[in-house]
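The values are calculated or read from the model by the stated rules, or taken from the named source; none is laboratory data. For clarity, every value in this text was computed on a predicted model and none was experimentally measured. FYI the Cβ positions are ideal-geometry reconstructions off the backbone, even for glycines, and counts take in every protein chain you see. Ligands, DNA and RNA are excluded from the accessible area calculation, which covers all protein heavy atoms including side chains. Shrake-Rupley method; radii C 1.70, N 1.55, O 1.52, S 1.80 Å.
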Amino acid sequence: MEIIAQMMGILEESNTLLEAEILFEELFRQKAEECFQECMERLDKKCIQSYKDQGYEIDSVRKRTMQFTFGTVEFSRRRVRKKGENSLIPLDKFLQLSPRSRNSPLVEMKAAQMASDGVYRKAADAINLLTNFSLSHSAIHSITQRVGQKVQEWTEQKPLSDGTGMKKKRKVPVLFIEGDGLLLTRRKGKERAELHRVQIHEGVAKKGKRPVLVHSLMFESTKSSQEAFRRASAWIEATYNLRNTVIISNSDGGSGYEKDKFDSIIGKCARHEHFRDAYHVNQKIKQRLSFDKEMSYQMISAVREWDYTQVCAVIAQANNRIQDNYRRAEYEIELTKLLSYLDRNWDSLKKLHLRHLSLRKGIGVCESNHRPYSYRMKRQGRGFGQKGAGNLAAIISARKNGLFLQALTETIPAFKQEIIPEFKGIIRTLLKKYKTKKSIGVIEGGIGKYCASSHALGQLAKALK
């Protein structure tokens, strides 16, 4: 093959493998571009034929340059027109290419993925270094916002279009639902955005030595916790039959994450057990008893054992241990607030092992799963407005849920795997292998001796023997 010969020539002429690999990269890029151009030329010729049959005429030949993952390609396609109809470019229509779009769907998908892991400038550097195409940080920002908006729309619409019957919905013994908020860095001139999150999963399993969540799904919103709960509710309704399911919910009890918010998205279930997040409870205890650390540790132990008598005893003992008479009134107010907080949330402070549940773990994961968002969207000079943060967070959630590709293929026309039937027919025609007739070989024959040898026909028969 020609390309093998060229590769052999490069290896013979190169002093190092590094030098050869650089030339290989350029060679493969050129070959990919040539093949793609030839492919587009054949498709274009086939596409316009169906329009010619409908009375269209070729108006002009237009060139278009697009970036693909294998390189930047310029290809030509024909524009056709018909009296009384708008002119169009059949190839662009069949490929569903967006007007004035310079990047292929896969380029945009990879750019958005890179941007969800690091800042736009670093994403641009990585793309320019490791791929055959290049993008500026501003272009990556625009792509990310556009893709993120489409992912949000898909997240909203997908459960509404799901026609799964009740019998086919998942039936699980336990479903965990958690909610929490994450404050993002303030952007100059804009209000500080907050990321509201709701996460569901079916429990914890071991993958090797590492615990992983079973069928975990994350939902987010920068508008309100109500919207995050609404998105989670739609997916729960479309996915699960909860009539025989025990619901375990957990939150820090902040505004928008009270027990009734979880009740509103569950519907009918076998049982609902709500928990107050232990980390935030312990932080509250340490804050109110900051003047007496020894008593704070005893209070944490009393709450863990769910012993209200012991809680009251610790409050009384901490009150007696106050030695600073100048701040006594202030400390007594702190103790009153702590006791009031524990009273309000007492039912939610009961631990798993005390509720006669077979579970021992599975709650408290929402806080630790802030990391994919906080690492990307907080500090290091990063600032986000509400809309921009929502679009980026939507991409992160879709990737963590394993639904990013599905969201793109079902939302953005250029990403759709389903190509229109007419175009499929053209592809099949181009790839069709015509059947060849089986050869029957040389047909033997002869001239019959039905005349005298002296006759001309007899002489010809004699010469052909």
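Quick notes
- Taking (1) part of a loop (DSSP other than H, G, I, E, B); (2) at pLDDT 55 or above in turn, Lys400 satisfies each apart from (1).
The rows are residues; the columns are (1) under 27 Å from the mean Cα position of the chain (by Cα); (2) buried (at least 19 other Cβ atoms within 10 Å of the Cβ).
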site: Val214; (1), (2): yes, no
site: Phe219; (1), (2): yes, yes
site: Tyr257; (1), (2): yes, yes
site: Tyr279; (1), (2): no, no
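- Against the numbered list (1) more than 21 Å from the chain's Cα centre (by Cα); (2) assigned to a strand (DSSP E or B), Leu242 comes up short only at (2).
- Pair list, Cβ under 7 Å, 6 or more apart: the stretch 82-106 residue open to solvent by 70 Å² or more (accessible area, probe 1.4 Å), other residue of a type in the set (Val, Ile, Thr): Arg102/Thr65; Leu106/Thr69
- Take the conditions (1) modelled with pLDDT of 90 or more; (2) buried (at least 18 other Cβ atoms within 10 Å of the Cβ); (3) under 30 Å from Ala234 (Cα atoms); Met295 misses just one of them, which is (3).
- Cβ-Cβ contacts under 9 Å between residues 6 or more apart (or on different chains), taken from a first residue in the stretch 30-59 that is over 13 Å from Lys82 (Cβ atoms) to a second residue that is of a type in the set (S, T, N, Q) and not in a helix (DSSP H, G or I), are listed as Ala32/Asn132; Glu33/Thr72; Gln37/Ser76; Met40/Ser76; Glu41/Ser76; Asp44/Ser76.
Residue-wise test of (1) modelled with pLDDT of 90 or more; (2) closer than 21 Å to Thr131 by Cβ; (3) among the hydrophobic types (A, V, I, L, M, F, W, C); (4) open to solvent by 80 Å² or more (accessible area, probe 1.4 Å).
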position	(1), (2), (3), (4)
Glu19	yes, yes, no, no
Glu25	no, yes, no, yes
Glu33	no, yes, no, no
Lys46	no, no, no, no
Gln49	no, no, no, yes
Asp53	no, no, no, yes
Asp59	no, no, no, no
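- Counting the residues of the stretch 120-155 that are in contact with a His (Cβ under 8 Å, 6 or more places away or on another chain), open to solvent by 10 Å² or more (accessible area, probe 1.4 Å) and not hydroxyl-bearing (Ser, Thr, Tyr) gives 1.
- If the condition is being open to solvent by 10 Å² or more (accessible area, probe 1.4 Å) and of a type in the set (A, V, I, L, M), then the stretch 234-255 contributes Ala234, Ala238, Leu242, Val246.
- Count of residues meeting criterion [closer than 19 Å to Leu405 by Cβ and modelled with pLDDT under 90] in the stretch 128-155: 1
- Matching residues, the stretch 185-236, being of a type in the set (Gly, Ala, Ser) and within 21 Å of Leu403 (Cβ to Cβ): Gly203, Ala205, Ser216, Ser221, Ala228, Ala232, Ser233, Ala234
- Among the residues of the stretch 221-233, just one is in contact (Cβ under 8 Å) with a residue 60 or more places away in the chain and surrounded by fewer than 19 Cβ atoms within 10 Å (Cβ to Cβ), namely Lys223.
- The requirement of being closer than 28 Å to Ala232 by Cα and small (Gly, Ala, Ser) is satisfied by Ala112.
- Single residue of His137, His141 found to be more than 29 Å from Ser255 (Cα to Cα), out of contact with any Leu (no Cβ under 6 Å at 6 or more places or on another chain) and free of Cβ contacts under 8 Å to residues at least 24 places away in the same chain: His137
- Criterion: within 17 Å of Asn250 (Cα to Cα) and surrounded by 13 or more Cβ atoms within 10 Å (Cβ to Cβ) - qualifying residue of Arg344, Arg355, Arg399, Arg376: Arg355
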